[in-house]
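J.: What follows is a single structure, and I will ask about it in a moment.
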Amino acid sequence: QVQLVESGGGLVQAGGSLRLSCAASGSIANMRVMGWYRQAPGKQRELVTTITSGGRINAPESVKGRFTISSDIAKNMVYLQMNNLKPEDTAVYYCTVLSGLNMFWGHGTQVTVSS
């Protein structure tokens with residue numbers, strides 16, 4: 001089992017920045033991918049960005065150039081730096097880890113961007 005705890009969410013004005021953090025613990029020896037998803041009210045959960053153990057990053061065009069994922073393997077942490085936030089970025093942001101063949105999720109942290 002892998003436990004994930006997110007932090008860093010909050011309320012910010014459009015154009016502002018936030019940095020999310022995710023601390024992983026438990027059976028983390030075989031983490032292959034770490035990343036972030038988000039879910040806005042009434043919408044499906046969607047990919048924000050992921051990073052593999054080899055450093056490959058995947059992100060949709062909607063966040064490229066604004067959001068940056070990074071990881072500190074030694075500390076079992078993954079971060080999401082979000083710049084130039086827009087109201088449409090408002091959502092619950094979930095940390096996720098693919099360990100072996102299993103995907104684990106955090107409980108989420110709310111990000112609200114006011115216009």
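J.: Whole number in Å², please: accessible area per residue of region 22-115, 1.4 Å probe, ligands, DNA and RNA not counted.
T.: On a per-residue basis, region 22-115 sits at 54 Å².
J.: Where in region 1-65 are there trypsin sites (Lys or Arg not before Pro) that are in a DSSP coil and have at most 12 other Cβ atoms within 10 angstrom of their Cβ?
T.: Qualifying residues, ordered by number: LYS43, ARG56, LYS64.
J.: Using θ = phi - 60° and the Karplus relation 6.51 cos²θ - 1.76 cosθ + 1.60, list the HN-Hα couplings for region 49-59 in order, rounded to whole Hz, with x at every Gly or Pro.
T.: The phi angles translate into 5, 9, 9, 8, 4, x, x, 6, 10, 10, 7 Hz.
J.: Next question, about the same structure. Quick check: at a probe of 1.4 Å, how many percent of the accessible area of the chain sits on carbon and sulfur atoms?
T.: About 49 percent, which is the carbon plus sulfur part of the accessible surface.
J.: Be a star and scan region 13-28 for residues whose amide nitrogen sits under 17 Å from the point 7 Å along the Cα-to-Cβ vector of LYS86.
T.: Under 17 Å, as judged by backbone N against the label point of LYS86, lie 13-18 of region 13-28.
J.: Provide the net charge surrounding ALA14, with neighbours chosen by a C-beta distance below 11 Å and charges set as Lys +1, Arg +1, Asp -1, Glu -1.
T.: Summing Lys/Arg as +1 and Asp/Glu as -1 gives -1.
J.: Arrange the residues THR49, THR90 by how much accessible surface each exposes, largest first, with a 1.4 angstrom probe.
T.: From most exposed to least exposed: THR90, THR49.
J.: With every protein chain left in place, what is the accessible area of LEU18 in Å² (1.4 Å probe, nearest 10)?
T.: Taking all protein chains as shown, LEU18 has close to 30 Å².
J.: Which far-off residues, 5 or more places away or on another chain, put their amide H under 5 Å from the one on SER27, with H placed in the peptide plane?
T.: The answer is VAL2, GLN3.
The values are calculated or read from the model by the stated rules, or taken from the named source; none is laboratory data. Predicted model, so just to flag it, every value in this text is computed and none were measured. When we count neighbours, we look across all protein chains shown, and the Cβ atoms used for this are built from the backbone with ideal geometry, even at glycine. The protein model used for the area step is the full one, side chains on, heavy atoms only, and it has no ligands, DNA or RNA in it. Shrake-Rupley method; radii C 1.70, N 1.55, O 1.52, S 1.80 Å.
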